[in-house]
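Engineer: Supplied in structure tokens, the structure appears directly below.
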Amino acid sequence: MDVATGQGIGSDRDDWKNTILAGLANYIDAGSIVAGSAALALWMQAYDLSPSFVGLIGAFGPNAISAGIGAFVGGRLCDLFGRKTIYQYDMLFYAFGMLWLIFAMNAWMVLIGFFLVGLAVGADIPASWSLIAETAPKGARGKHSGVAQVLWYLGPVVVLLMFLVLEPLGLLGARIVFAHLAILAVALTFLRSRMKESQRWLDAQADNAPASGVAAQPARLRDLMKAKWIAPMAFLTGMYGMWNLWAGTNGFFFPYILRTVGNQSQAMSVAVQSFSFLLGMLSIWLIFMRLADRVNQRTLFLVSAIIQVFGMALLAIFPLTLPMALFHVVLMSIGQGFGAQSFFQLWSAEMFPTLLRSTAQGLMFGVVRITLGVFSFFVPLLTATGFQTLAWILTGFLFVSGLIGYLGAPRNEGKSLDELEADMDVAPIEGRAAA
């Protein structure tokens, strides 16, 4: 451990390599969600899926309940057995789930494949996010966390463009897109095998050992159920959860915008969606990665929230014209880049001690994704209330998320994880004294 920085010793090149290998979980997560969404129409036609079965796929897929369950389990195992154990082998489980989608011959194979993929994606998120935070140099956690978010935006762009090129192949094209994700997962397994375990987690385990030569007692799940940890979990879950309700509903909302303003061709739809993701990537790179470690994070978050609330309110107030739709897309894409999801990844790693970090992340991420899964059952009812009514509901989600985030935002910029844990007044985790 480097005493001066409070971070593990390693070259800058190794730091970035570890960040990219860990952050590719975000690429696979978002790529899976968008690939499933793009393939849904093909599956509906090929397997004559009922609306209720489509809702089942959406609710239990990698965007919702299965990812939530995976995050619960994976986050806990990550703190018990180490980050490497989870982030290396869960990609093989992901590839196994993808095989069900690649070779799906009926509706139930699709549902099983999506559920397995969601479990793997959910398990990888707390492992990779913890690793990124724990290996990033002091004063660069925001920058390294931002890379994972860039990869989250890159996944949909690649998948959308692949679907556009492979559209003439129909269902075979979808299988090829899923195959590329499975191959990446297998390759990632081999590349991650060369990575080392988080030194911070190893040191925390050693510090928590009750006596020389005796194995460390793991932190207990009930250690997380204390007021000092429940408060930040409630804050982060509320902030990110309300934003995620908007993000999940936006999947139904955005295609309506594209149809209404006349951009009905598949090529134009892909172009607009890719443009929105590329703008988001630029926002992360030029704003979040450059400023999150140096400026007042509460102020930065507030600016993002205001941009998104304003961008969503435009569609509730004004007629939906092409210029208004494009203005909405630009504002929302820029605001998202340095907003709730980027800060959730960063703060969820900073506000908990090492031996409970992944457990807390998995618990919060799981609650958010499962809530979205349940909420997704009601989205068709919301869309039936009318365009402007739904726009106001979504604006309300963003407003509440922004308010919670602004009131609860920590001031962690520039601090090392050692300094943050010292501020938590954390003795060796209470699991040391476990009965």
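The values are calculated or read from the model by the stated rules, or taken from the named source; none is laboratory data. Treat the numbers as computed from the prediction; the structure is a model and nothing was measured. Positions of Cβ are backbone-derived with ideal geometry, glycine not excepted, and every protein chain shown enters the neighbour counts.
Engineer: Does Gly339 count as modelled with pLDDT of 90 or more and touching a Gly at 6+ places or on another chain (Cβ under 7 Å)? Steps first, please.
Structural biologist: Values: modelled with pLDDT of 90 or more: yes; touching a Gly at 6+ places or on another chain (Cβ under 7 Å): no.
The answer is no for Gly339.
Engineer: Please enumerate the residues belonging to segment 361-370 that are surrounded by fewer than 22 Cβ atoms within 10 Å (Cβ to Cβ) and closer than 14 Å to Gly58 by Cβ.
Structural biologist: Scanning segment 361-370 gives a single hit, Ile370.
Engineer: Kindly indicate which of Leu372, Leu390, Leu381, Leu394 is free of Cβ contacts under 8 Å to residues at least 24 places away in the same chain and closer than 30 Å to Phe53 by Cβ. Break it down stepwise before answering.
Structural biologist: On the way: Leu372 fails: free of Cβ contacts under 8 Å to residues at least 24 places away in the same chain; Leu390 fails: free of Cβ contacts under 8 Å to residues at least 24 places away in the same chain; Leu394 fails: free of Cβ contacts under 8 Å to residues at least 24 places away in the same chain.
Only one candidate passes the filter, namely Leu381.
Engineer: What number of residues within segment 52-68 are in contact (Cβ under 8 Å) with a residue 60 or more places away in the chain and over 18 Å from Leu245 (Cα atoms)?
Structural biologist: So the answer is 0.
Engineer: Being among the charged types (D, E, K, R) and over 20 Å from Ala71 (Cβ atoms) is the filter; apply it to segment 89-141 and report the residue that is surrounded by the most Cβ atoms within 10 Å (Cβ to Cβ).
Structural biologist: Here the answer is Arg141.
Engineer: In addition: When you scan segment 25-129 for helices (runs of 4 or more DSSP H) that lie fully inside it, which ones turn up with 3 or more residues that are under 16 Å from Gly373 (Cα atoms)? Working first, answer last.
Structural biologist: On the way: elements: 51-60, 65-81, 83-102.
Output list reads 51-60, 65-81.
Engineer: What is the number of the single condition among (1) among the aromatic types (Phe, Trp, Tyr); (2) under 22 Å from Ala182 (Cβ atoms); (3) in contact (Cβ under 8 Å) with a residue 60 or more places away in the chain; (4) out of contact with any helix residue (DSSP H, G or I) (no Cβ under 6 Å at 6 or more places or on another chain) that Phe96 does not meet?
Structural biologist: Every listed condition holds for Phe96 apart from (3).
Engineer: What residue, of Ser283, Ser274, is surrounded by fewer than 24 Cβ atoms within 10 Å (Cβ to Cβ) and either closer than 22 Å to Gly155 by Cα or out of contact with any Leu (no Cβ under 9 Å at 6 or more places or on another chain) (or both)? Steps first, answer last, please.
Structural biologist: Details: Ser283 fails: surrounded by fewer than 24 Cβ atoms within 10 Å (Cβ to Cβ).
Unique residue meeting the criteria: Ser274.
Engineer: Considering only residues that are in a helix (DSSP H, G or I), modelled with pLDDT of 85 or more, among the aliphatic types (A, V, I, L, M) and surrounded by 14 or more Cβ atoms within 10 Å (Cβ to Cβ), which ones fall in segment 374-429?
Structural biologist: Leu390, Ala391, Ile393, Leu394, Leu398, Val400, Leu403, Ile404, Leu417, Leu420
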